């Protein structure tokens, strides 16, 4: 086949997106799906329910991409104009699609609504040459159609806006078709590091970043850690895996900072390590006030490893429940190595867990001193192997200081787990 | 002044967005911010870190909008080209900005990193006529500059990509400037409600939503609560305030659901109520695992009211530390009214606080039963006035269930606080 799809772009239609009233999760989901299928995406656009502007966007997109995926604006209301604009753009009349019409009639009959308003039949009208895609999770079907111009074919795919309808329709009706239509596939590998700055890591990998053609190596932004992406472009799924060779080069230089090759972030890595060993963890948190425990509990199955935690915000709680010596609090203060250690060991005793980790620091914006400025955080991790500590000195606002503290607390506990054979 | 800003569009730069590796929350946040300032947005674009394509996007956007807000691509790596592309687009050379250079040097000194790699200085280079905007939460400053073409001025605003840097920079440096530059001034009033569904609230306010011209009344999306925005368009800042009249009409119909007229969300409202009364709170959390306490601790000054909390994930912790009767756990289970009440009262005893709140439920995706499906959550709040409970039955995924549980826990405690004179 000659008209292989190499490039694709996403147009999300909806005034509520332009007003910022909903976050555009469709774009990211579709972008990932296209990328996984080897379709290169160079643009995403959000435009309102407006005929002229949507036509402009289609015109532009059709010049630069082989595929345009549109979401939103397929519903029954007056605002929903995506299908009719696509028909106009492709120079095709809208025609009644009998299977869709009778499905809508059946739906309303089932709902006990005898009077079907005119605008509902709108959802059975499609451009003359469109391939209609059934919606098994809502009333608005999708459609695929071709736009021919200047010896170039652009494929239009129209999907409903609600993610619960869009995602299954893509998987059921678009993906199998697109798999046949694409020219290349991609193989990705994510290399996640902690304990090194992004620019320093990039400097040490610069020749690989600049010289690698296939696979490519590129940095990828992530808070408090450093991530690189290795991407191999495949002609065929059976092509040999070239990503491992690049990975080995990265490992040779920065291996000691790598905590994960894959999709998992630090807290999930720790959860899985604990689960594998059948071991448990507890948290003693001051400035993060439960954020570390709550982060671990994001992951289904956290209950296998997370016993509990103490939010020890007030010093009395540190003293009376965790057993931190009052002399430590008086002499060295709550933000100190001694207090962090006492919190971690006390926490391990209270919850009777294999591991425990403590976080105590000054998140700001108030409360810093010249010796202990805002952003000073002490961490301690305790296990049968003893106690380890880490001091952080961070910039940034209260939220960032708390999040990066949590990330480092998980890294500290990870290093403790590694001590257990 | 003649060149008032009426229209604006958002361009988010980053290959990781095009690959769907991160969700574009910046676009929604900025769209909301522009809308609040009375700037009309008709387009949002995502483009990769690519000189030619970014130039194309700037060219297009400058033809149709008075303001272009760009995010991303200001970092130290080779990929980060937004600043230099903007300079090229405006026909200005990049020049070293001394205050930024010395700030970067200071930052690295403070972080104890003695070696500053060359690419870090890139973040001190700006287009000749740019107004530099300080970054108080990271190393990459932002910039504002003007593009003049065909008797039209377009303002470019360049912001860093990480939301924790972008948002404060917008609020500190863009908003005050933009407020002066916009053609219309708006006066907003946010009416926040809990305990009523959005469509039910909308139905009861439909005539006001449809008939109001100035001020307008419109729903404003927010998770787990219902928010309406009253917006008055002003000719002059001294125009009389017409929003109160609309507010009174809304209050007359839905007053009992309103918990705040203003910017504060539920947890902050609770924090302020407690602070006013000089009272303290503690948390006993099972499925939310510290998220409620951590949410309260987001706010500076939380230490005045937050004593501590217990993450009681494991039933043994509920029993041994909070004193929940083993018979309750055996007979009714951890997700029950009796357990929630025992957790809340036990928590109040352990932490010796004025108020305490407990959360116990099934966040899923596993673990539901026909009697207690995923999304079943019991809340209890305890104070000197006694104990109150609330049962939630929610749809949605694990994260949503946990977040909405926390929101409702704060509402329950708010109602307890209202009982104290």
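Laid out as a table, the results:
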read-out: Test: residue in region B:395-404 that is within 14 Å of chain A (Cβ to nearest Cβ), more than 27 Å from residue A:288 (Cα to Cα) and within 26 Å of the chain's Cα centre (by Cα); value: yes
read-out: Which listed residue is at pLDDT 95 or above, crowded, with 20+ Cβ neighbours inside 10 Å and more than 9 Å from chain B (Cβ to nearest Cβ), from A:274, A:306; value: A:274
read-out: Residue count, region B:80-109 (criterion: crowded, with 18+ Cβ neighbours inside 10 Å and either under 27 Å from the mean Cα position of the chain (by Cα) or within 29 Å of residue B:183 (Cα to Cα) (or both)); value: 8
read-out: Qualifying strands (runs of 3 or more DSSP E) (wholly inside region B:19-96; at least 3 residues being away from every other protein chain (no Cβ under 11 Å)); value: B:67-71, B:94-96
read-out: Residue satisfying all of: in region A:383-400; touching a strand residue (DSSP E or B) at 6+ places or on another chain (Cβ under 7 Å) and touching a residue at least 40 places away in the same chain (Cβ under 8 Å); nearest to residue A:353 (Cα to Cα) among these; value: A:387
read-out: Considering residues of region B:117-137 that are assigned to a loop (DSSP other than H, G, I, E, B) and in contact with a strand residue (DSSP E or B) (Cβ under 7 Å, 6 or more places away or on another chain) only, the residue farthest from residue B:102 (Cα to Cα); value: B:129
read-out: Condition met for residue A:106 (out of contact with any helix residue (DSSP H, G or I) (no Cβ under 7 Å at 6 or more places or on another chain), on the phi > 0 side of the Ramachandran plot and either part of a loop (DSSP other than H, G, I, E, B) or in the same structural domain as residue A:62 (by TED's automatic domain parsing) (or both)); value: no
read-out: Elements of type strands (runs of 3 or more DSSP E) in region B:323-421, at least 2 residues being in the same structural domain as residue B:313 (by TED's automatic domain parsing) and buried (at least 23 other Cβ atoms within 10 Å of the Cβ); value: B:355-361, B:376-383
read-out: Some residue of region B:70-79 being over 21 Å from residue B:178 (Cα atoms), surrounded by fewer than 20 Cβ atoms within 10 Å (Cβ to Cβ) and not assigned by TED's automatic domain parsing to the domain that holds residue B:230; value: yes
read-out: Any hit, region B:239-262, residues being surrounded by 15 or more Cβ atoms within 10 Å (Cβ to Cβ) and within 14 Å of chain A (Cβ to nearest Cβ); value: no
read-out: Segments classed as strands (runs of 3 or more DSSP E), wholly inside region B:138-248, with at least 3 members that are more than 21 Å from the chain's Cα centre (by Cα) and touching a residue at least 60 places away in the same chain (Cβ under 8 Å); value: B:142-149, B:152-159
read-out: From the options B:328, B:321, residue that is over 18 Å from residue A:297 (Cα atoms), without any contact (Cβ under 8 Å) to a residue 40 or more places away in the chain and facing chain A (nearest Cβ under 9 Å); value: B:321
read-out: Residue match in region A:332-343 (condition: more than 9 Å from chain B (Cβ to nearest Cβ) and more than 30 Å from residue B:109 (Cα to Cα)); value: yes
read-out: Check on residue A:301, within 26 Å of the chain's Cα centre (by Cα), crowded, with 18+ Cβ neighbours inside 10 Å and on the phi > 0 side of the Ramachandran plot; value: no
read-out: Check on residue B:265, modelled with pLDDT of 95 or more and either under 24 Å from the mean Cα position of the chain (by Cα) or more than 14 Å from every other protein chain (Cβ to nearest Cβ) (or both); value: no
read-out: Subset of region B:110-122 (residues that are surrounded by fewer than 13 Cβ atoms within 10 Å (Cβ to Cβ) and within 11 Å of another protein chain (Cβ to nearest Cβ)); value: B:112, B:115, B:118
read-out: Residues (closer than 12 Å to residue B:45 by Cβ and within 22 Å of the chain's Cα centre (by Cα)) located in region B:15-25; value: B:17, B:24
read-out: Selected residue [in contact with a helix residue (DSSP H, G or I) (Cβ under 7 Å, 6 or more places away or on another chain), within 14 Å of chain B (Cβ to nearest Cβ) and within 29 Å of residue A:9 (Cα to Cα)] from A:157, A:226; value: A:226
read-out: Hits in region B:192-206 (condition: farther than 17 Å from residue B:412 by Cα and at pLDDT 85 or above); value: B:201, B:202, B:203, B:204, B:205, B:206
read-out: Enumeration of residues in region B:286-295 that are at the interface with another protein chain (Cβ under 7 Å from one of its Cβ atoms) and either surrounded by fewer than 24 Cβ atoms within 10 Å (Cβ to Cβ) or over 17 Å from residue A:334 (Cβ atoms) (or both); value: B:288, B:289, B:290, B:291, B:294
read-out: Region A:162-215, subset under 14 Å from residue A:133 (Cα atoms) and within 14 Å of chain B (Cβ to nearest Cβ), residue surrounded by the fewest Cβ atoms within 10 Å (Cβ to Cβ); value: A:167
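The values are calculated or read from the model by the stated rules, or taken from the named source; none is laboratory data. Keep in mind it's a predicted model, so treat the numbers as computed, not measured. Ideal geometry is used to build each Cβ from the backbone, glycine not excepted, and the neighbour counts take in all protein chains shown.
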